[in-house]
1. Pop out the ³J(HN,Hα) list for segment 158-172 in order, Karplus 6.51 cos²θ - 1.76 cosθ + 1.60 with θ = phi - 60°, rounded to Hz; leave Gly and Pro as x.
2. Given a Förster distance of 51 Å, report the FRET efficiency between E107 and H355 from their Cβ-Cβ distance, rounded to the nearest 0.05.
3. Working out 0.36 nm times the residue gap between H143 and S332, then minus their Cα-Cα distance, what length gain in nm do you get to one decimal?
4. Under the classification rounded if a/c is under 1.5, otherwise prolate if a/b is larger than b/c and oblate if not, where does segment 80-170 fall, given a ≥ b ≥ c as square roots of the Cα gyration tensor eigenvalues?
5. At 1.4 Å probe size, with the rest of the protein present, what percent of the exposed accessible area of segment 177-261 is carbon and sulfur atoms?
6. Apply the Karplus curve 6.51 cos²θ - 1.76 cosθ + 1.60, θ = phi - 60°, to the phi angles in segment 122-130 and return the couplings in whole Hz, x for Gly and Pro.
7. Percent of accessible area on segment 128-174 owned by carbon and sulfur, 1.4 Å probe?
8. Provide the per residue accessible area, probe 1.4 Å, for segment 243-296, rounded to a whole number of square angstrom.
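The values are calculated or read from the model by the stated rules, or taken from the named source; none is laboratory data. As the structure is a prediction and not an experimental result, all values here were calculated from the model. A quick note on method: Cβ atoms are made from the backbone with ideal geometry, for glycine too, and the neighbour counts reach across all protein chains shown. We work out accessible area using only protein heavy atoms, side chains counted, and drop any ligands, DNA or RNA first. Shrake-Rupley method; radii C 1.70, N 1.55, O 1.52, S 1.80 Å.
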Amino acid sequence: MAVSYEQWAPESLQPYYPSINIEPGYAAAYDLPVTPEYSAQQLSVFGDAISHTYECQRADPSMSSSWSPMGQSGQVFFGSPMDMAKLEEARMVLSRLDYSRATEQDEDGDTILHIYTAKGLREYAFAAAERLRAVGRLDAKEHKGKTALLVAVAANQPEIVQDLLSLEADINACDVNGQTALHLAAHYGFPVVLQAILSNKPAVNLEARNFEGMTALHCAAISHCATMKALSSGGLPDVALQGKAVEKLSCVQKLLSSGASLLSQELKSNKTVLHLAVKEGNVELVHFLLRTPLANMKDFVNLKAHGHTALHMAAGLHGNPHQEEILRLLLSRGADPSIRNLENDQAAHLLQSGHQGEQLKLMLKRRSTSSRRRIVSLQDLE
């Protein structure tokens with residue numbers, strides 16, 4: 001049985017993350033609606049394995065306020081409790097299925113657990129997970145390399161994510177693109193799902209790399225940039241996009257609060273999240289990152305990506321309404337205008353021509369002169 005996850009989890013980005021520019025339509029692809037609905041034909045292969053009286057519940061975004069710590073394990077549980085009557089019903093239904101239908105995969109690698117998970121049938125998914133765990137197949141992968149846990153993440157089902165993790169699903173399993181559960185939650189901007197994953201520290205690998213060489217923090221930053229770009233290109237304010245931008249920035253915050261490294265550089269071009277934010281003129285994310293407590297903030301701000309500092313990238317934002325603000329923010333946090341890139345250019349050399357460019361060049365020159373005087377003064381004291 002072929003199951004199309006594109007209905008509820010767009011995966012049309014090839015590759016997932018362009019190394020520099022966000023292509024037309026890239027932002028839109030990040031903000032497709034999540035609708036974990038399956039047709040009767042897709043589910044009919046399992047016959048009576050799904051109760052016709054079961055009502056599928058969509059994940060409620062408001063659940064982020066209903067989290068409460070329980071127990072001594074450090075895990076966090078949230079949302080409504082599992083319906084035990086439905087769980088027993090699910091166990092009975094599964095017990096009537098023959099072994100192959102309950103535990104094996106179809107021609108596309110889908111198990112009954114993948115289907116229940118994608119549909120959002122929590123109690124049925126839990127019962128199926130119990131069966132598969134008993135035979136060592138809880139982490140079986142479908143044709144795109146997704147385990148049931150990865151399906152639950154992409155379908156925005158935080159309660160099922162927590163359930164699967166409680167049954168010891170592999171939290172660091174990856175799909176054919178190297179995406180772990182953490183990458184996917186950050187990529188789609190699902191803060192409640194992300195918190196469910198992060199509550200399982202230290203098992204989760206915060207610095208895991210996908211096949212594009214990016215950590216979940218890079219994914220979250222790129223995703224936020226895509227949404228902010230979509231917002232800035234639209235006409236009237238889009239409330240839905242604004243809400244999504246808030247959720248995606250929340251994902252960045254949660255990752256950093258949980259210990260994700262701000263200094264991590266993606267492997268293709270050595271960009272940090274600051275480089276990514278500056279490159280796209282995302283002033284909101286730049287503000288947020290530069291307010292993050294960091295002992296060596298000056299070193300962070302002056303890190304190079306293929307020879308370019310964030311200041312070089314900001315100087316190249318010709319015509320961007322936030323260019324001057326981003327330049328000032330970087331300078332206020334220790335950006336050094338005297339640093340040269342691989343072409344021996346300072347940031348000032350990359351500014352646009354005309355009056356605005358000359359004004360910005362004077363601003364960089366004054367900061368560079370001030371920095372040199374400070375260095376000379378310190379040397380005299382020594």
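1. x, 5, 5, 4, 5, 4, 5, 5, 5, 8, 6, 5, 5, 6, 10
2. Computed FRET efficiency for E107 and H355: 0.20.
3. So the chain would gain 63.1 nm between H143 and S332.
4. Judged from the Cα gyration tensor, segment 80-170 comes out oblate (a/c at least 1.5, b/c at or above a/b).
5. The computed percentage sits at 59.
6. Result, ordered by residue: 4, 5, 5, 5, 5, 5, 5, 5, 4 Hz.
7. For segment 128-174, the apolar C and S fraction of the accessible surface comes to 43 percent.
8. 37
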